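Before any comments, here is the structure.
The values are calculated or read from the model by the stated rules, or taken from the named source; none is laboratory data. None of the values given here were measured: they were computed from a predicted structure. Glycine also receives a Cβ, built like all others from the backbone with ideal geometry; neighbour counts cover every protein chain displayed. Side chains included, ligands, DNA and RNA excluded: accessible areas come from the protein's heavy atoms. Shrake-Rupley method; radii C 1.70, N 1.55, O 1.52, S 1.80 Å.
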Amino acid sequence: MITIRPYIPEDEKAVADIWNYVVEEHDAFPQTEPLRPHEADAFFRKQTYTGVAVDENNEIAGMYILHPNNVGHCGHIANASYAVRHDIRGRHIGEALVKDCLAKAKEKGFAIMQFNAVVATNASAIHLYEKLGFVRLGVIPKGYKKNDSDIRDIILYYRTL
């Protein structure tokens, strides 16, 4: 059983470890450098909301960050990033995180969720987003540079809340 709750400073190491694993995989997040211990707590707390998935043993299983996609006239559009602990992927934790995030985004006053850069090879994310009603806006060819010899397309998605 997964429960999603707000991030607290005591979560810093476990949440940063999950985040950094995804960063270091170079398959989903745009960041190239992992969060350092002295940066992680501030990063997670500065988001509009950081959600943490915990299992029945209160172990952290995943997380998400929610924040505006832009400012001003476009500030009603949210953006989010999701990460599940690598050793327990495939248990629908990502789906629970996305559903919670959509509800939280609406609660926080956002009207739209937009994803700017879903890597085209991230089949599980694509399947989940389309299952949850996200609309594919288009493809940016070669928009994700994993390294100099591995450049992939990215897909843009949105969904009203």
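Summary table
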| quantity | calculated |
| --- | --- |
| Accessible-area value, Lys146, 1.4 Å probe, nucleic acids and ligands omitted, Å² | 60 |
| Max mean-square fluctuation residue, GNM over the chain, Cα-Cα springs under 10 Å, options His26, His76, His38 | His38 |
| Fraction of accessible area attributable to carbon and sulfur, the stretch 60-161 (%, probe 1.4 Å) | 52 |
| Net +/- balance of residues flanking Glu107 in space, Cβ distance below 14 Å, scoring K and R +1, D and E -1 | +3 |
| Of (i) 41, 38, 30; (ii) 55, 43, 27; (iii) 67, 32, 29, the label for Cα extents along the principal axes in Å derived from the coordinates | (i) |
| Surface per residue (accessible, 1.4 Å probe) for the stretch 1-156, Å² | 55 |
| Part-to-part distance (alpha-carbon centres) for the stretch 66-96 and the stretch 16-44, which is given in Å | 14 |
| Residue with peak Gaussian network fluctuation, the chain [Cα springs, cutoff 10 Å], from Asn147, Asn116, Asn69 | Asn147 |
| Environment charge of Leu35, counting only residues whose C-beta is closer than 14 Å and scoring Lys/Arg +1, Asp/Glu -1 | -3 |
